[in-house]
Amino acid sequence: MGTMQIAILGAGVLVFLLMLIFAFSGPSQSKSMARQLTKLKYRHSDSANVRVEAQMKKALSARRKTTRPKGENMTKMEILAIRLEKTGKRWPLSYFFYAAGGLFVVIAGLLLLKGAPLLLCLFVGLLVGAGLPHFVVGFLINRRVAKFTASFPDAIELLVRGLRSGLPVTETIGVVAKEIGGPVGEEFQKVVDRIKIGQTMEDALQESAKRMETPEFKFFCITLAIQRETGGNLAETLSNLADVLRKRGQMKLKIKAMSSESKASAYIVGSLPFIVFGLVYSVNPTYLAGFFYEERLIIAGLGGLCWMSIGVFIMAKMVNFEI
């Protein structure tokens, strides 16, 4: 059986398994019943808390309807530009493509010099050139979001103190932009700049929420929107929100500490085959040289990488907890 036939057979088996998964995974009856019960509760309950929760649901659905068409009309280049902007580095798109093209040329050239087949060189070079820059950008985004989340409760408390002293919301946001450093100050400064050029406060905050994509900042935007619709003491509401966000951060740290052992095990199990391959190749290159030119070994290696990727993905999902 030739290499092309083996590849076609493997692709057919993979498509068949995916079709089985989609065929047997139907809608969950428990979730549909829970949604129906929630609708009945919102419709017939006389409790004040339930009414506030219903108003919050309506505000969330209205905000999604107003913001969804903009996201759907964005091109791939615009989405990539937004991702680069999330890093806070002010990198142009050309830097990203230069890095991806340089990695592709270097990796493919090195493998070609080692005697690997041309298709394998192109595949691995394309994989590294396209994947590594996205991985680095994602890492920088996650690091910036983590810094933002850690400082955001302090910014809300400063906002509460400004409101209690009699300042309006827009001026208090400007004070937060000046006093709080890091990503929080940068984002609040962008909100102030948008308000100065004529945008409403809700639209300015919504743009920052779309760029940061953190639940904490979305809670903040929803709180301001609901308070504007229903009224009430904004300072007290934001003070409660800051307390909730601090407890949420403490819970995240506790879960991170409890799952650190499992994450370390996943890292060790996932990296051990690559470490052993590198050590054996450094000691005896001819023993593993067949993986770069022998067709059967190349297919076996790619199959092993696919199964390892599935295992690492499952282990990452098992130790990742959403709060």
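The values are calculated or read from the model by the stated rules, or taken from the named source; none is laboratory data. This structure is a prediction, so every number in the text was calculated from the model and none was measured. FYI the Cβ positions are ideal-geometry reconstructions off the backbone, even for glycines, and counts take in every protein chain you see. Ligands, DNA and RNA are stripped out before the accessible areas are found, and what is left, the full protein with its side chains, is counted by its heavy atoms. Shrake-Rupley method; radii C 1.70, N 1.55, O 1.52, S 1.80 Å.
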> Can you work out the FRET efficiency for the pair Thr75 and Phe274, with r the C-beta to C-beta distance and R0 = 35 Å, to the nearest 0.05?
Replying inline: 0.45
> What part of the accessible area of region 123-169, given as a whole %, is carbon or sulfur when the probe is 1.4 angstrom?
Replying inline: 71 percent
> How would Met318, Met308, Met77 line up by accessible area, probe 1.4 Å, largest first?
Replying inline: Met318, Met77, Met308
>> Which log10 I(q)/I(0) values does region 153-193 give at q = 0.34, 0.35 Å⁻¹ under the Debye formula, counting every alpha carbon as one identical point scatterer?
In response: -1.18, -1.22
>> At 0.36 nm per residue, and after removing the present C-alpha to C-alpha distance, how many nm does the segment from Glu171 to Arg228 gain when stretched out fully?
In response: 18.8 nm
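If the viscosity is 1.002 mPa s and the temperature 20 °C, what Stokes-Einstein diffusion coefficient in µm²/s follows for region 70-185 when Rh is the Kirkwood radius over Cα pairs? Walk me through the intermediate numbers first.
Numbers: Rh = 17.4 Å.
D, rounded to a whole number, is 123 µm²/s.
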> If you take the beta carbon distance between Glu236 and Ile197 as r and set R0 to 30 Å, what does 1/(1 + (r/R0)^6) give as a FRET efficiency, to the nearest 0.05?
Replying inline: 0.45
> Over region 170-235, with a single point scatterer placed on each C-alpha, what log10 of the ratio I(q)/I(0) does the Debye formula yield at q = 0.12, 0.22 1/Å?
Replying inline: -0.29, -0.99
> Hey, got the Cα dimensions of region 206-323 along the principal axes, in Å, largest first?
Replying inline: 75, 30, 21
> Points 7 angstrom from Cα along the Cβ direction at Leu113 and Met318: gap in nanometres?
Replying inline: 4.1 nm
>> Given the options Phe274, Gln199, Leu224, identify the residue whose Cα lies farthest towards the positive end of the charge dipole of region 190-304 (+1 on Cβ of Lys, Arg; -1 on Cβ of Asp, Glu).
In response: Leu224
> Across every pair of different alpha-carbon atoms, what Kirkwood hydrodynamic radius in Å does region 147-262 reach?
Replying inline: 14.7 Å
>> For the pair Val136/Glu186, report the inter-label distance in nm, with labels modelled 7 Å from Cα in the Cβ direction.
In response: 1.7 nm
> For region 73-208, with the dipole built from +1 on Lys and Arg beta-carbon atoms and -1 on Asp and Glu ones, taken about the Cα centre, which of Thr149, Leu111, Ala99 lies farthest toward the positive end?
Replying inline: Leu111
> For region 216-300, which whole-number percentage of the solvent-accessible area (1.4 Å probe, protein heavy atoms only) is attributable to carbon and sulfur atoms?
Replying inline: 63 percent
>> Using a Förster radius of 30 Å, what is the FRET efficiency between Ser265 and Ile299 based on their Cβ-Cβ separation? Nearest 0.05, please.
In response: 0.55
